[in-house]
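K.L.:
Just dropping this structure here.
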Amino acid sequence: MQQLSLKAGFQNERTLSSIASRHQHITTGTLSRLCEILECKPGDIFEFVEEADRQKHKRIYVREDWQYSSDDYVVVNWERLLSDIKAAGYSEAKFSLALGKANNYLALKKNRKYTQKVLLKEMTDLLGKPFEEYI
Amino acid sequence: MIIFNKLFAYLAEHDISRKELSEKSGVSLSIINDLRYNRKSNTGMIEKLCKALNCKPEDILEYTPEEI
């Protein structure tokens, strides 16, 4: 939880602890940040539980089947990766589109300290290079 | 960014006015109107809307990456 807090840019674990304890509301800004970091939809991490189905808690729940693994994220050597993307003849926008993402996707991702390993692999596969070279 | 475009589509689809939603949910009409402009809110308000509409959060909101 501490690692996820750091990745999400929260100053401490209080926000995530609040969510986990199921007793506090969070802002849509926090929800948005979690979706960005985890690359998921709100419905993947939150669900609304009807009054009749819940006994003690009265808030939106964090899904009990949701799990986070720090092994899924890596610190990417973006300098090297961007250099190789450029050498392969792509602009950042064109490379994003080649990945099937929005044209500003790479611009957003390169500013993040942590990147999903699966995303790095998609990018290096497109370049025809092993992803381990960029970690 | 969390956007609420789906909420307004949901209201139109189910023929529910914003005023009706406001009365049923207890969320003020001005706050509901402000959601059109992606005003920041919290899960407490989302809960009220879901309860009033008998729907899931993903039926009324979605996440979209912010453009630079």
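Read-outs throughout are calculated quantities, based only on the coordinates presented, and are distinct from any laboratory measurement. Nothing here was measured: the structure is a model prediction, and the numbers come from that model. With ideal geometry, Cβ positions are generated from the backbone for all residues, glycine too; neighbour counts draw on all protein chains shown.
K.L.:
Sorting A:E92, A:E79, A:E36 on the 10 Å Cβ count, fewest up front, what's the list?
P.N.:
A:E79, A:E92, A:E36
K.L.:
What average count of beta carbons from other chains do you get within 10 Å of the Cβ of residues in A:101-111?
P.N.:
2
K.L.:
Output needed: percent of Cα pairs per 10 Å distance bin for region B:6-68, bins running from 0 to the one holding the longest distance.
P.N.:
In whole percents, the pair-distance histogram is 21, 62, 15, 3.
K.L.:
Summarise the partner chain shielding of A:42-48 as one whole number: the mean count of Cβ atoms from other chains within 10 Å of each residue's Cβ.
P.N.:
Taking the mean over all residues of the peptide, I get 6.
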